[in-house]
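**Q** Would you mind keeping the following structure in view while I ask a few things?
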Amino acid sequence: TVQRASVAGVADAASSAGASHSDGKTPGAAAKESSRGRSIAERIRKSTIGAMKKERVGSTCGILQVDVVRARNLPVRDAATGTSDPYAKLKMNGRVGTTAVRAGTLTPVWEHRMFFPAFPPGLNDRMVLRVFDRDVQWFSKDDFMGRADIEPDEFLDGELHSKWVKLAACESGEVHLRFKFARGAVDAPPGGWDV
């Protein structure tokens, strides 16, 4: 806990500025060591990400088709009407897809299809789903309604997967997603693959 020195104690504080902590380290040394630890951790994180990116080059193994189907039990963000104007964003491997806005509902039906490049298992970013309430006022940001982190590797078997995903960091809400992986595909056909 940081304590403020009184005026009377300033001289004492100044004279003891070079004193060591109980563990033998001066405040400056402790701060420097903490900073060094953070710097090493950051370098390790960056080198790991860099290695993953190098390994990914030219290694896409297909396309993951994701249908954002619908949602239920979404939280209210417009207190005046008791509803929301929700839309969803999905991000994976550097690509982002966004659904249309569905006005005045807590149970939107989107039926929106998105396509993401897929890498071999272990090289894919975690898929991030976020739901927002569109704010019609130009000076306001859209309200956050919830998020979910999804591991895409479990959907890379070529089978059709249908899953309700529970939203976190919000009062309630689930989103229905469908996944279909096309191994070896470079581009999706118009309209995607039948499910």
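Coordinate-derived values only; no laboratory data. Since this is a predicted model, take the numbers as computed values, not measurements. As a convention, Cβ positions derive from the backbone with ideal geometry for all residues, glycine included, and neighbour counts pool all protein chains shown.
**Q** Could you rank the peptides 151-160, 171-180 by their average count of other C-beta atoms within 10 Å per residue, with the highest value first? Walk me through the numbers before you get to the answer.
**A** Details: 151-160: 14.4, 171-180: 19.0.
For the peptides 151-160, 171-180, the packing ranking is 171-180, 151-160.
**Q** Now for a separate question. Among 119-129, 68-78, how do they line up from the highest to the lowest mean number of other beta-carbon atoms within 10 Å?
**A** Listed from highest to lowest mean packing, they are 68-78, 119-129.
**Q** Moving to a separate point now. How charged is the neighbourhood of residue 128? Take every other residue with its Cβ under 9 Å from the Cβ of residue 128, and add Lys/Arg as +1 and Asp/Glu as -1. Could you put the intermediate results ahead of the total?
**A** Details: positive: 89, 91, 126, 130, 147; negative: 125, 149.
Net charge around residue 128: +3.
**Q** Could you quote the convex hull projected area for segment 61-166, Cα atoms only and averaged over all directions, in nm²?
**A** Values: hull surface 27.7 nm².
Directional mean of the projected Cα hull area for segment 61-166 stands at 6.9 nm².
**Q** Can you tell me the length gained on complete extension of the stretch residue 193 to residue 40, counting 0.36 nm per residue apart and subtracting the Cα distance? Please list the in-between numbers first.
**A** Numbers: separation 153, 0.36 × 153 = 55.08 nm, distance 4.54 nm.
Gain in length upon complete extension: 50.5 nm.
**Q** Let me ask something additional. Points 7 angstrom from Cα along the Cβ direction at residue 105 and residue 78: gap in nanometres?
**A** 1.3
**Q** Per 0.36 nm of contour for each residue apart, how much would the distance between residue 166 and residue 96 grow if the chain were fully extended, relative to their Cα-Cα spacing? Present the calculation step by step, with values, prior to reporting the outcome.
**A** Numbers: separation 70, 0.36 × 70 = 25.20 nm, distance 1.99 nm.
Gain in length upon complete extension: 23.2 nm.
**Q** For a quick check: with amide H placed at 1.01 Å from N, whose amide H comes under 5 Å from residue 110's, ignoring anything fewer than 5 positions away on the same chain?
**A** So residue 110 has HN proximity to 70, 71.
**Q** Compactness ratio of segment 125-195: Cα Rg over 2.2 N^0.38 Å, N = residue count?
**A** Details: Rg = 15.6 Å, N = 71, 2.2 N^0.38 = 11.1 Å.
Against the compact-globule rule of thumb, the ratio is 1.40.
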